[in-house]
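Below you'll find the structure, written out as structure tokens, and then a few comments.
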Amino acid sequence: MFRKMVLLWVGLTLAACAQSDGPTPAEVRRDARAADVLILELAPDVIAALGTPKPPEGFVGFSSRSFVPGAIQPGDVIAVRVFEPSEDGVLSVVNSTALDLGEFVVSPAGTVMIPFVGHIRVAGNSVSAAQNTITQRLRENAIEPQAAVNIQVSPKSAFTVQGNVPQGGLFPLSARGERVLDAVAMAGGTQADPESTIVTVMRGSRSGRQIYAKLLSDPVQNIPLQPGDTVIVGGGGAKFIADGALNSTGEFDFVEGELSLSQAVAKAGGLQSARANPGAVFLFRRQPPGEFFRYRERSGTERNIYGDVIFRADFDSPTERLTAQQFFLRDGDVLYVGNAALANFSKYFQIFNTPPEVPAPSLP
């Protein structure tokens with residue numbers, strides 16, 4: 001059946017390129033019957049029978065809480081800030097009651113060297129325990145000191161970025177709590193089309209998918225990452241082919257459930273004004289084996305539609321243009337627009353008006 005579908009499409013393509021009026025709706029029906037391929041006129045009852053492909057559900061069920069570092073580990077980077085309310089304390093030398101001591105990398109042995117404090121062991125301790133240890137050390141020289149410790153970077157609490165990014169790899173989660181868009185930016189960003197690019201977040205046995213454009217426009221979708229997350233930036237996973245009297249032909253990425261027939265025509269540059277037959281907009285679809293939709297014919301008889309199907313839309317009809325906005329493409333669809341009758345006449349006219357080549361005079 002699929003071979004018949006391909007042969008029919010190739011035949012229509014050749015017809016559009018040949019010196020003829022191009023394939024008309026009647027010719028398509030004739031060839032479809034010969035190839036045993038069903039052709040349906042685009043109408044509300046067809047839309048209802050097909051249903052609408054589900055777009056990505058996003059990150060429903062994913063936690064919206066930001067990452068909170070746990071116990072300090074070797075390799076972590078901690079930031080230490082100390083406070084001393086007294087003006088006569090050790091911090092008086094810097095004319096301040098608060099001082100950022102800096103960021104410190106926890107050694108493989110689990111220790112850090114902190115000014116005013118010295119060497120202390122922090123690995124395996126919570127942030128609160130590290131703060132208490134630093135405060136106790138400061139009391140030897142300071143008056144009523146306090147300490148604040150934050151884990152800035154934790155290499156063992158990391159996430160991975162893969163796919164259509166220039167610098168994918170493993171990235172550490174910091175105390176500020178990176179989100180999905182932060183992950184894409186840290187991997188160098190992406191030049192992919194936001195409207196047809198899917199971003200996937202894998203967390204344990206769960207995964208969620210969202211269109212990149214929606215991540216950019218909806219802050220709710222830009223969820224916080226957790227240790228072990230994998231962010232994959234890739235295509236929408238679906239493609240369609242555009243051919244015939246369109247301003248741009250070829251293969252196009254899209255997201256299932258997000259691209260209507262009207263949008264597909266626009267994505268392919270629209271109909272060629274001097275060539276296209278608006279009444280000959282066809283969509284070729286191959287249904288997977290065993291998949292079908294239930295369609296009620298005009299006679300009232302219901303039947304299960306299996307195999308390959310061609311849908312035809314008349315873009316000269318305002319009603320069908322509206323219907324085309326509710327007809328959504330699926331992966332592997334082929335969009336084909338036939339030639340208008342006058343398109344080839346224009347070609348003949350151009351040939352007719354081309355001045356004949358005059359041979360060069362012979363040399364004496």
* To do: With a/c under 1.5 counting as rounded, go ahead and sort segment 274-333 into rounded, prolate or oblate using the C-alpha gyration tensor (a ≥ b ≥ c being the square roots of the eigenvalues; past the cut-off, prolate if a/b is larger than b/c, else oblate).
  => oblate
* **Within segment 140-239, GluC sites (Glu not before Pro) in DSSP loop having at most 11 other beta-carbon neighbours inside 10 Å** => 140
* Structure fact -> Checked segment 157-224 against the a/c 1.5 cut and the a/b vs b/c comparison, axes a ≥ b ≥ c from its Cα gyration tensor; verdict rounded
* Asked: Which of the trypsin sites (Lys or Arg not before Pro) found in segment 90-189 are in a DSSP loop and have at most 13 neighbouring Cβ atoms, other than their own, within 10 Å?
  -> 139, 176
* Going from the alpha-carbon gyration tensor of segment 197-246, what semi-axes, largest first and in whole Å, does one get by taking the root of 5 times each eigenvalue? -> 29, 14, 7
* Structure fact -> Filtering chymotrypsin sites (Phe, Trp or Tyr not before Pro) in segment 290-320 by DSSP loop and by at most 13 other Cβ atoms within 10 Å leaves none
* Asked: Once amide H atoms are placed 1.01 Å from N in the peptide plane, what residues at a sequence separation of 5 or more from residue 272, or on another chain, have their amide H within under 5 Å of its amide H?
  -> 246, 247
* Net charge near residue 98, counting Lys/Arg +1 and Asp/Glu -1 over other residues with Cβ under 12 Å of its Cβ? -> -1
* Structure fact -> For segment 77-154, shape from the Cα gyration tensor axes a ≥ b ≥ c, cut at a/c of 1.5 then a/b versus b/c, turns out prolate
* To do: Just add up the charged neighbours of residue 214: K/R +1, D/E -1, any other residue whose Cβ is under 12 Å from the Cβ of residue 214.
  => -3
* Asked: Short version: ³J(HN,Hα) in whole Hz for each residue of segment 46-54, in order, from phi by Karplus 6.51 cos²θ - 1.76 cosθ + 1.60 (θ = phi - 60°), x for Gly and Pro, what are they?
  -> 5, 4, 4, 5, 6, x, 10, x, 6
* To do: Calculate, in nm to one decimal, what residue 303 and residue 132 gain on full extension: separation in residues at 0.36 nm each, minus their alpha carbon distance.
  => 54.0 nm
* To do: Take the Cα atoms of segment 199-346, build their convex hull, and give its volume per residue in Å³.
  => 164
* **Length gained when the stretch residue 97-residue 33 is fully extended (0.36 nm per residue, less Cα-Cα span)** => 14.3 nm
* Can you run phi through the Karplus equation (6.51, -1.76, 1.60; θ = phi - 60°) for segment 216-230 and list ³J(HN,Hα) in whole Hz, with x for Gly and Pro? -> 6, 9, 10, x, 4, 6, 7, 6, x, 8, 10, x, x, 5, 10
* Asked: Under the Karplus relation 6.51 cos²θ - 1.76 cosθ + 1.60, θ = phi - 60°, what is the ordered set of whole-Hz ³J(HN,Hα) values for segment 197-202, x standing for Gly and Pro?
  -> 10, 9, 10, 10, 10, 10
* Where Lys and Arg each count +1 and Asp and Glu each count -1, what net charge lies around residue 278 among other residues with Cβ under 10 Å from its Cβ? -> -2
* Structure fact -> At R0 = 45 Å the Cβ-Cβ FRET efficiency linking residue 247 and residue 156, nearest 0.05, sits at 0.30
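Bear in mind that the values in this text are calculations on the coordinates, not laboratory data. What you see is a predicted model, and the numbers here were worked out from it, not measured in a lab. Every residue, glycine among them, receives a Cβ derived from its backbone with ideal geometry; neighbour counts consider all protein chains shown.
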